[in-house]
């Protein structure tokens, strides 16, 4: 069996690797910009939010949840096993725990961060699952086509072998008849 050698750089540039990361960063960026700048209304500090978290820290929190959602989703969608039965309870437990935390805190900033994190996680999980399912479909389609083309080539070779064998048998029969009749065989 031949093994395909893949360099580390080829693996990093693979669409299966960079797409969920890119999606996670974009979703986290969109959610962070929308929610971060909604913390204050028309430039004034809101009374319910005592301090404003630095944007880079806020973005980092959302990217973490986005990566968790996108990669878990891709692995779930790409898996042939019923992985959803294992992933979904874990994600729902995490979301339930975050909601309990959200309810217990009276700090509006923490509530906003928690709600944004959950939104980012769920969006990236959904997109990652669809992406993983698409990758699995492409892989299975290509594997089926390769198997079919291999069997088609084998059938073609078998037919060609049968034709060549029949030609040899016909030639041998012609030579035998030519000898029996005492004539020179055709060239």
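Would you mind computing, in nm to one decimal, how far apart the modelled labels at residue 140 and residue 88 are, each placed 7 Å from Cα along Cα→Cβ?
Roughly 1.7 nm, to one decimal.
Where does segment 109-160 land on Rg/Rh, using Cα atoms and the Kirkwood Rh?
1.55
How would you classify segment 81-147 from its alpha-carbon gyration tensor, with a ≥ b ≥ c the square roots of the eigenvalues: rounded for a/c under 1.5, else prolate if a/b is greater than b/c, otherwise oblate?
Oblate, since a/c reaches 1.5 and b/c is not below a/b.
Just check segment 63-187 against the gyration tensor rule for me: Cα atoms, a ≥ b ≥ c as the square roots of the eigenvalues, rounded for a/c under 1.5, and otherwise prolate or oblate depending on whether a/b exceeds b/c.
Verdict is prolate for segment 63-187.
Assuming R0 = 41 Å, what is the FRET efficiency of residue 156 and residue 133, from their Cβ-Cβ distance, to the nearest 0.05?
0.75
We did not get these values from a lab; they are worked out from the coordinates using the rules stated. Everything quoted here is computed from the prediction, not taken from an experiment. Every residue, glycine as well, gets a Cβ built from its backbone with ideal geometry; the counts of neighbours run over all protein chains shown.
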